[in-house]
Amino acid sequence: MPKGALCRRLRNLKQSYRVAPRRIAGGFHLGKRRMPIEKKKNLLVPLNNPRGPSLWVRIVIAILRPPLLVLGFVFGNLYELCFGWLDKRIARQNEQRFAEDVRTHLALLFSEHGAKVIPNEGVPFPPSFDGAYVTVAVGNLRLRFVRGRGDFSVKVASAFAPNDWEDFQLVADGIGQWDTSKSRPGYYTLETFEPVLRSRLERLQEGLSKDRFETTLNNAAKIYNDSVQEYAATLRQSGVIPKLY
């Protein structure tokens, strides 16, 4: 075989064995492994109750627990059969009303940034009590608004890791300091969230971009874990030994 033809054949062989792009968290990385996201720590605080239940209490619990579990299973399934359709209907209505409220109070996302309400994934349906979820896609961001029993919270994820949700305030703290010209909001509602989001939207888009979302989420987890460690240290000083896991 001529030398030139042999070289061309070897080059073609190398190209055929190149590493194919791998799909990772909604995007494609060519031969690049995704950085592991740091896990958030949990804190278990003991009740410090030196006395356990008496023998008779343990016997009563052992006798009553099996039939109560069976009754709970039976009545739970009966309720689902008779009223499950009604719970789902009410849940859909709550979700639609919540989505309209989000569009009203956060109009800047839809009018200025082309945001869209997308299906909720990975959340229970119907949610407990009067809860409702609304997920919004805007650029590199996924914002999940949660409302129920008078509470309101916001979680954020990257379009390149749509299953890695994190608390909005933790992510904003990890990207940069809150506006020092105003008091830091320790609590916000849907009605007061628009100015909080407006001043941070651009930096959030950068921090959760394809090249930076892993670092941003790790910084948020580190801030959370540091606060848990500080609280655990305070408990130890008071004589309570918590368990971290």
ask   = Based on the Cβ-Cβ distance of LEU86 and THR189, what FRET efficiency does E = 1/(1 + (r/R0)^6) give at R0 = 30 Å, to the nearest 0.05?
value = 0.55
ask   = Between LYS210 and ARG65, what length comes free when the chain is fully extended (0.36 nm per residue of separation minus the Cα-Cα distance, one decimal in nm)?
value = 47.1 nm
query = Residue farthest toward the positive end of the dipole of segment 53-244, with Cβ of Lys/Arg at +1 and Asp/Glu at -1: which of ALA220, VAL146, SER209?
reply = VAL146
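Report the net charge of residues surrounding GLN229, where surrounding means a beta-carbon distance below 15 angstrom and charges are Lys +1, Arg +1, Asp -1, Glu -1.
+3
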message = Per-residue counts of other Cβ atoms within 10 Å, averaged by peptide: what ranking do you get for 112-123, 96-107, 59-70, highest first?
response = 96-107, 112-123, 59-70
remark   = Where a ≥ b ≥ c are root eigenvalues of the Cα gyration tensor, a/c under 1.5 meaning rounded, otherwise prolate if a/b exceeds b/c and oblate otherwise, segment 53-244 counts as oblate
query = For GLN93 and PHE129 in the same chain, what is the full-extension length gain: residue separation times 0.36 nm, less their Cα-Cα distance, in nm?
reply = 11.6 nm
query = How much FRET efficiency would the formula 1/(1 + (r/R0)^6) give for VAL57 and ASN225, where r is the Cβ-Cβ distance and R0 is 45 Å, rounded to 0.05?
reply = 0.75
query = For the residue pair HIS105 and SER153, what label-to-label distance in nm results when each label sits 7 Å from Cα along the Cα-to-beta-carbon direction?
reply = 1.6
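Every number here is computed from the coordinates shown, using simple stated rules; none is lab data. Just so it is clear, the model here is predicted, and its values are computed rather than measured. Glycine gets a Cβ as well: all are built from the backbone with ideal geometry, and neighbour counts include every protein chain shown.
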